[in-house]
Every structure is written in structure tokens, then in C-alpha cells.
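Scroll down for the structure; my scribbles are underneath it.
Bear in mind these aren't lab numbers, they're just calculated from the coordinates by the rules spelled out. Just so it is clear, the structure is predicted and the values come from calculations on it, not from any experiment. In this analysis, Cβ positions are derived from the backbone assuming ideal geometry, glycine residues included, and neighbour counts consider all displayed protein chains.
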Amino acid sequence: MREIQASALTEVVKRLCIEANCHLPKDMQARITEARAGEDWPGACEILDRIIENYTIADERSVPICQDTGVACVVLQIGQDVHVSGSIADAVNEGVRQGYSEGYLRKSVVRDPLNRVNTGDNTPAMIYYDLVPGDVIRITVAPKGFGSENMSQLKMLKPSDGVEGAKEFIVRVVEEAGPNPCPPIVVGVGIGGTFDKCALLAKKALMRSTDERNPDPYYAALETELLARINALGVGPQGFGGKTTALAVNIEAAPTHIAGLPVAVNINCHVTRHKSEVL
């Protein structure tokens, strides 16, 4: 059994909070560059140029890419042969507290959804735990802004709706979102599971690199088809028209009940941020 001090988690989470907010992943930079090369609408080209300039400045100066530095979503893949000395949740939240303070990141979390009092340090984080084989912990921090989060939807479809019903729902969610999630977007899709599991699948889909397609050829083809249909909507960068409404569609699926077909769509803006480290 490998022993890890909780304080080690704090240091990693702190670092990842800052890095994720200041340095756009290389795969996202590549998708935006490809989109710029494929655009011919002057307005879309101008917006994509400004997006590229923005993330380049953020990267060079280590400043936030976006003013909405998000709620800290933290996924912990914990090896079954690891024992953490101390409270994991406390360690993660301390890392978020330190990262958002030392990185001069906006504090966007309220203690209660109705009373709306800011916690002042961006805690608590949204923490997700997965038990996996091995003796390491893989930590992923994905700051999630709410301009795009607010455009997300989940629907409990009927099995008879089938794949066509799922596709119609996914495309409709993006169409209804319009310019609000700051396109070009990444569309995370969860299919199957239960109500809550489906939403988590969509969230985790956003953390998969856009360089990777779903390993199942059926879902890989569906990702490609949906991306083409979404871009045919013509919403375009920041909603001013163009060929690029979405940069990628990532789908994750899970077994479900014979009576259900849950589908969740979690939208992220072009600042789809996530950083990982293995401890």
C-alpha cells in the first residue's frame, strides 16, 4: 500500500488551478487554428484572430484566458493501492483556495444557490472520485465557466426515440444556446446511465482531448456527424455567423435501463480548460 500525504494533493491542485486558467490545452489551440484556416467569412476570421491573440497573450504572460475562471471541477482517479493520510476533500479545497488566491483568479462560488453569498475563495470545489487499479492518483482540474454551463441540458428520452431522437436533441440544445456560450464551443455528450450518471458522462466528455475520438467506431462516427450538423447551423464564432459553431463533439456512453434513454449535453466555450497530473 502506497502512502500519500494529503498536503501533496494540495500542492498539485493549486498548481493545476493556475495552469488550467492561464494555458489553453494544445489540442484546443490546434482546433481553433484549424477553424481559422477554414473560415472565409471576414467577421468569423476577425473573431478567431482575436481569440488566438487572447490565448497567446495569456500563455506568454501567465494570466487568465478568460475573466470567468470558473468553478473548480476536480476529478480524482484514485488507485486502489493508495492510502491518503488526511482528508482528501479538505486537501483539494485548500489547493483551490491557494491557487485562486495566488493566481489572482476570480472567486465565483456562492455558499448557497439561493442566498447567493460568495465564499470568497472559490471553494468548495466540485470533486468527483473514481476508484481505479494501481498505486497512483491522477488529478484533473477543469475550471468551468457558467456562460456555457447555463446552456447545458439533460433530457430523459424514450427508447423509441432512438439515435435520431438523441441527435435531434443534441443539435437543438446547441441551436437554442446560440451565441450565449461564446462559440466556437466543445459539446460534451453523455448517453445512458441514470439521470445523474448521464450528466457526469457529459462533464467528463469535455475533459477528453479533442485529438481523440470515442474508441467505439459507432460513437466516433456519431461525433463526426453531429459536429457537421452543428456547424451547419451557421451560428459561428461569437454568434456572428460562419462555418465554426463547434470545434468538437465528444460523446461518452454507459449502460442504462431498458425503459430509458438519458441524454445530457454539457457545453463548453472555446476556453475548454483542463490540466492533469499524476501523483
(message) Can you give me the long-range amide H partners of GLY79? Hydrogens built in the peptide plane at 1.01 Å from N, cutoff under 5 Å, separation of 5 or more residues or another chain.
(response) VAL132, VAL136, ILE137, ARG138
(request) Which order do the peptides 124-130, 142-148 take when ranked by the mean count of other beta-carbon atoms within 10 Å per residue, highest first? (result) 142-148, 124-130
(message) Just want to confirm a number: the relative contact order over the chain, from Cα pairs under 8 angstrom separated by 6+ residues, in percent.
(response) 26 percent
(message) If the rule is a partner Cβ under 4.7 Å, which cysteines in the chain fail it?
(response) CYS17, CYS22, CYS45, CYS66, CYS73, CYS198
(request) Grab every C-alpha pair in segment 160-242, bin the distances at 10 angstrom width from 0 up to the longest one, and report whole percents. (result) 16, 49, 32, 3
(request) Write down the Kirkwood hydrodynamic radius of segment 86-224, to one decimal in angstroms, obtained as one divided by the mean of 1/r over all alpha carbon pairs. (result) 17.7 Å
(request) Run through the DSSP bridge list for segment 147-272 and note the antiparallel percent, rounded to the nearest 5. (result) 55 percent
(request) Report the dimensions of the chain along its three principal axes from the alpha-carbon atoms, largest first, rounded to Å. (result) 52, 50, 39
(request) Find how much the distance from ILE57 to LYS167 grows on full extension, using 0.36 nm per residue of separation minus their present alpha carbon separation; answer in nm with one decimal. (result) 35.9 nm
(message) Taking only the Cα atoms of segment 1-87, how large is their convex hull per residue, in Å³?
(response) 124 Å³
(message) Using +1 at the C-beta of Lys and Arg and -1 at the C-beta of Asp and Glu, which of LEU222, THR256, SER152 has the Cα lying farthest in the positive direction of the dipole of segment 142-270?
(response) SER152
(request) Give me the orientation-averaged projected area of the Cα convex hull of segment 141-194, in nm², one decimal. (result) 4.5 nm²
(request) Diagonalise the Cα gyration tensor of segment 196-279 and give the resulting equivalent ellipsoid semi-axes, square root of 5 times each eigenvalue, largest first, whole Å. (result) 23, 18, 13
(request) Filter the cross-link list LYS203/LYS243; LYS167/LYS243; LYS26/LYS144; LYS14/LYS167 down to pairs whose alpha-carbon distance in this structure exceeds 27 Å. (result) LYS14/LYS167
(request) Could you size up the charge dipole of segment 72-190 around its Cα centre, putting +1 on the beta carbon of Lys and Arg and -1 on that of Asp and Glu, and report it in debye to the nearest 20? (result) 320 debye
(request) Mind putting a number on the dipole of the chain about its Cα centre? Charges go on the C-beta only, +1 for Lys and Arg and -1 for Asp and Glu, and I need it in Debye to the nearest 20. (result) 420 debye
(message) Which aspartates and glutamates, if any, have their Cα less than 18 Å from the Cα of LYS155, not counting same-chain residues under 8 positions apart?
(response) GLU164, GLU168, GLU175, GLU176, ASP196, GLU252
(message) Order these by the 10 Å Cβ neighbour count, fewest first: SER209, SER152.
(response) SER209, SER152
(request) Quick one: which residues, 5 or more positions from ALA248 or on another chain, have an amide H under 5 Å from its amide H? H modelled 1.01 Å from N in the peptide plane, none for Pro or chain starts. (result) VAL187
(request) Can you tell me which of 262-271, 211-220, 94-103 comes out highest on packing, and rank the rest after it, using the mean Cβ neighbours within 10 Å? (result) 262-271, 94-103, 211-220
(request) Kindly write out, for segment 209-219 in residue order, the coupling ³J(HN,Hα) from the Karplus curve 6.51 cos²θ - 1.76 cosθ + 1.60 (θ = phi - 60°), rounded to whole Hz, with x marking Gly and Pro. (result) 4, 6, 6, 10, 9, 4, x, 7, x, 4, 6
(request) Among THR123, THR244, THR56, rank each residue by its count of other Cβ atoms within 10 Å, from fewest to most, as a rough exposure measure. (result) THR56, THR123, THR244
(message) So if I place +1 on the C-beta of Lys and Arg and -1 on the C-beta of Asp and Glu, and nothing else carries charge, what would the dipole magnitude of segment 147-272 be about its Cα centre? I want it in debye, nearest 20.
(response) 80 debye
(request) State, as an integer percentage, the relative contact order of segment 1-131 based on alpha-carbon contacts under 8 Å between residues 6 or more apart. (result) 36 percent
(request) Please go through segment 1-40 and write out the trypsin sites (Lys or Arg not before Pro) that DSSP classes as loop and that have at most 13 other C-beta atoms within 10 Å. (result) none
(request) Averaging sequence separations of C-alpha pairs under 8 Å and six or more residues apart, then dividing by the length of segment 149-251, give the relative contact order as a whole percent. (result) 33 percent
(message) Residue by residue through segment 192-198, what is 3J(HN,Hα) from phi via Karplus (6.51 cos²θ - 1.76 cosθ + 1.60, θ = phi - 60°)? Round to whole Hz and write x for glycine and proline.
(response) x, x, 10, 3, 6, 4, 4
(request) Let me have the 222 nm mean residue ellipticity of the chain computed from DSSP H runs of 4+ only, each contributing -39500 (n - 2.57), with the sum over all residues rounded to the nearest 500. (result) -13000 deg cm²/dmol
(request) List LYS204, LYS197 from most exposed to least, where exposure is judged by having the fewest other Cβ atoms within 10 Å. (result) LYS197, LYS204
(request) Using θ = phi - 60° and the Karplus relation 6.51 cos²θ - 1.76 cosθ + 1.60, list the HN-Hα couplings for segment 25-38 in order, rounded to whole Hz, with x at every Gly or Pro. (result) x, 4, 5, 5, 4, 5, 5, 5, 4, 5, 4, 4, 5, x
